[in-house]
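Peer 1: Quick one: the structure is below, and I'll ask about it shortly.
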Amino acid sequence: MRFGSLNYFFRSLRRLFYPKVCVLCRLALISKERQICSYCLRKLPKSRWLNPQENPVYNVFRGRVPVGNAGSFLVFRSGGITRQLLHEIKYKDNRDLAVLMGEMYAEELLQAALPPIDYIIPVPLHRRKQKQRGYNQSQAFAEGLGVKLSVPVSTDLLQRRAFTQTQTRKSRWERWRNVADVFVVNNPGELNGKNIMLVDDVVTTGATLEACVGTLLKAGAQRVDVHTIAHAKE
């Protein structure tokens with residue numbers, strides 16, 4: 001048996017005994033299914049908040065910082081599907097799943113016919129934290145959005161200049177204080193008059209996103225939209 005044929009044999013054998021499975025129900029995926037099976041896709045708790053202002057994500061920032069459009073792909077419920085997906089993305093290094101979330105959300109945003117975007121910017125991680133995690137899940141989500149929306153993703157315009165502790169279990173005030181003045185814009189001229197889509201994995205109190213929006217607007221951005229994989233109530 002030739003090497004090529006032998007390699008094909010073992011690859012086929014591996015697929016037989018170790019098939020790709022749905023990240024939610026763990027059943028084997030069939031042809032053309034990616035990460036999530038068709039059955040579980042139908043159960044995703046999509047927010048459907050495509051109205052640019054009348055939605056809970058927009059209300060997070062109301063009276064705090066001016067945002068253009070705002071929304072989240074999924075609704076977060078304790079113990080639900082969204083929690084499983086975020087855990088897979090954040091703690092199991094499933095970068096492909098984060099990209100898929102961006103692609104799927106982009107399809108909904110295209111239907112909403114939102115105003116044009118010049119750059120998609122993911123909320124940056126400090127290089128120390130990114131090294132710990134292995135990758136920036138918000139960047140992977142942004143890349144999925146960028147492919148479908150045909151908008152460039154910028155990872156060097158907005159940077160986090162200070163390492164901060166996790167926002168988990170902090171009060172709203174502690175979260176805001178934890179990220180105040182930690183973001184900086186490189187080459188502000190690139191943002192002058194531009195429309196930006198700022199993306200992150202989850203929005204809860206909005207403290208991190210608020211700090212980023214303020215930094216981008218001060219640097220000359222004309223409008224900053226905010227979109228995330230999920231929205232979680234405090």
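The values are calculated or read from the model by the stated rules, or taken from the named source; none is laboratory data. Here the structure is a predicted model, which is why all the values come from computation and not from measurement. Here Cβ is always computed from backbone atoms with ideal geometry, including for glycine, and neighbour counts include all displayed protein chains.
Peer 1: What are the pairs, 6+ residues apart or on separate chains, where a residue within region 130-148 that is in the same structural domain as LEU158 (by TED's automatic domain parsing) has its Cβ under 7 Å from a residue that is assigned to a helix (DSSP H, G or I) and aromatic (Phe, Trp, Tyr)?
Peer 2: The qualifying pairs are LEU145/TYR105.
Peer 1: Out of (1) in contact with a strand residue (DSSP E or B) (Cβ under 9 Å, 6 or more places away or on another chain); (2) part of a loop (DSSP other than H, G, I, E, B); (3) over 16 Å from VAL199 (Cβ atoms); (4) not hydrophobic (A, V, I, L, M, F, W, C), the odd one out for ASN59 is which?
Peer 2: (2)
Peer 1: Filter region 184-234 down to residues that are surrounded by fewer than 24 Cβ atoms within 10 Å (Cβ to Cβ), polar (S, T, N, Q) and in contact with a Leu (Cβ under 9 Å, 6 or more places away or on another chain), then give me how many there are.
Peer 2: Looking only at that region, the number is 4.
Matching residues to (1) hydrophobic (A, V, I, L, M, F, W, C); (2) modelled with pLDDT of 90 or more; (3) not assigned by TED's automatic domain parsing to the domain that holds PHE141:
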| site | (1), (2), (3) |
| --- | --- |
| ARG34 | no, yes, yes |
| LEU50 | yes, no, no |
| ARG83 | no, yes, no |
| LEU97 | yes, yes, no |
| GLU103 | no, yes, no |
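Peer 1: Condition first: at pLDDT 80 or above and basic (Lys, Arg). Now tell me which residues in region 114-160 satisfy that.
Peer 2: Answer for region 114-160, where residues must be at pLDDT 80 or above and basic (Lys, Arg): LYS148, ARG160.
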